[in-house]
Amino acid sequence: MDLTEPAVLATVEALRKWREARRRAGETLALIPTMGNLHAGHEALLGAARGEAHRVLATVFVNPAQFGPGEDYEGYPRTLERDLECLAAHAVDAAFVPTQAAMYPNGTRNAVTVEVKGISDILCGQSRPGHFRGVTSIVARLFNLTEPDVAVFGQKDYQQLVVIRRMTDELFFRVRIRGVPTVREPDGLAFSSRNHYLTKEERQQAPALYQALQQAARQLQAGADPASIARAGTQALIAAGFRPEYFEVRCADDLSPPEEGRARVILAAGWLGKARLIDNVQVN
Ligand code: AMP
């Protein structure tokens, strides 16, 4: 196989054939699901996957099921040609780029869904009802199709990672979930495809999200109470020009209310103009 060009697999049949050949060769597989528009955050996942298995398969699919009505599904940046160049530069073995019809043969309204109740409904799930059901429904399809040994996800989408771990455990998927730390711009802003929506001025304000989270982490470590940390964080976001959605301290493993003695994570989401930004920091 030519290591400089990923095999571009556009159909389920092509994917299955490729996977079967890898299995016959006794090779293990790392899966990296993405929605494309690849950036340094995705590249960190590609790098991490390389050491995990013989072969690396990335998927590029803007999943309609995880976008709510009025969200940015239509306008989401689609840059497949550049994405394939990026995958080639990282010696990714194959790119699965399915059509919507291949993933949802009966349409998204009548699709089979997978839902992790409870933790899908809090935090981001509260303002984006159905979002995590869309995520778990596509990731379950990709797990079944690709049968990976390991799947790599970013800690940037912390709640997504927790939801996927729960789905994987409870549905007995035989895949190890690997989380990769968030990759940031030099000023602290986490890389995200949605950063493209920021105006120049908003881009200057955007690092305030990570700064507020870091400040909150220091307060938590100093013993401050989570409720007052959340209030102060929300105020800091407002002062920086955000319309905050939430700012919360949670237990890191299951996103339950914070308890001392357990690892915690502070998560925040807010709007800056047309961009909805999320970020988090872990506190051990
Ligand atoms: P997306 O294409 O936005 O669905 O993201 C695909 C994967 O990349 C997910 O597992 C994300 O958590 C991960 N990811 C996105 N941005 C970053 C980042 N800045 N650092 C690390 N991982 C990221």
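The values are calculated or read from the model by the stated rules, or taken from the named source; none is laboratory data. Bear in mind that the values here come from a model prediction, so they are computed numbers and not experimental data. We place every Cβ from the backbone using ideal geometry, glycine too, and count neighbours over all the protein chains shown. Please note that ligands, DNA and RNA were not included when accessible areas were found on the heavy atoms of the full protein model with its side chains. Shrake-Rupley method; radii C 1.70, N 1.55, O 1.52, S 1.80 Å.
Restricting attention to helices (runs of 4 or more DSSP H) lying wholly within segment 169-280, give those where 1 or more residues are within 16 Å of the ligand (Cβ to nearest atom) and farther than 30 Å from PHE143 by Cβ.
Qualifying helices (runs of 4 or more DSSP H): 200-205, 208-221.
Scan (1) surrounded by 18 or more Cβ atoms within 10 Å (Cβ to Cβ); (2) under 20 Å from the mean Cα position of the chain (by Cα) for the single condition GLU71 breaks and write down its number.
GLU71 satisfies all of (1) surrounded by 18 or more Cβ atoms within 10 Å (Cβ to Cβ); (2) under 20 Å from the mean Cα position of the chain (by Cα) except (1).
For segment 177-201, give me each residue that is in contact (Cβ under 8 Å) with a residue 40 or more places away in the chain, surrounded by fewer than 16 Cβ atoms within 10 Å (Cβ to Cβ) and over 19 Å from GLY273 (Cα atoms).
PRO181 - this is the single residue of segment 177-201 that is in contact (Cβ under 8 Å) with a residue 40 or more places away in the chain, surrounded by fewer than 16 Cβ atoms within 10 Å (Cβ to Cβ) and over 19 Å from GLY273 (Cα atoms).
Name the pairs: first residue in segment 70-85 and of a type outside the set (Lys, Arg), second residue open to solvent by 50 Å² or more (accessible area, probe 1.4 Å), Cβ to Cβ under 7 Å, at least 6 apart or on different chains?
PRO77/HIS196; LEU84/VAL8
Please specify each residue of segment 50-107 satisfying the condition of being among the polar types (S, T, N, Q) and in contact with a helix residue (DSSP H, G or I) (Cβ under 8 Å, 6 or more places away or on another chain).
Within segment 50-107, THR59, ASN63, GLN66, GLN100 meet the criteria.
Taking the conditions exactly as written (more than 18 Å from VAL12 (Cβ to Cβ) and touching a strand residue (DSSP E or B) at 6+ places or on another chain (Cβ under 6 Å)), does SER120 satisfy them or not?
No.
Out of segment 25-45, which residues are open to solvent by 10 Å² or more (accessible area, probe 1.4 Å) and within 14 Å of the ligand (Cβ to nearest atom)?
Matches in segment 25-45: PRO33, THR34, MET35, LEU38, HIS39, ALA40, GLY41, HIS42, GLU43, ALA44, LEU45.
Residues that are of a type in the set (Lys, Arg) and more than 14 Å from the ligand (Cβ to nearest atom): does segment 143-162 have at least one?
There is no residue in segment 143-162 that is of a type in the set (Lys, Arg) and more than 14 Å from the ligand (Cβ to nearest atom).
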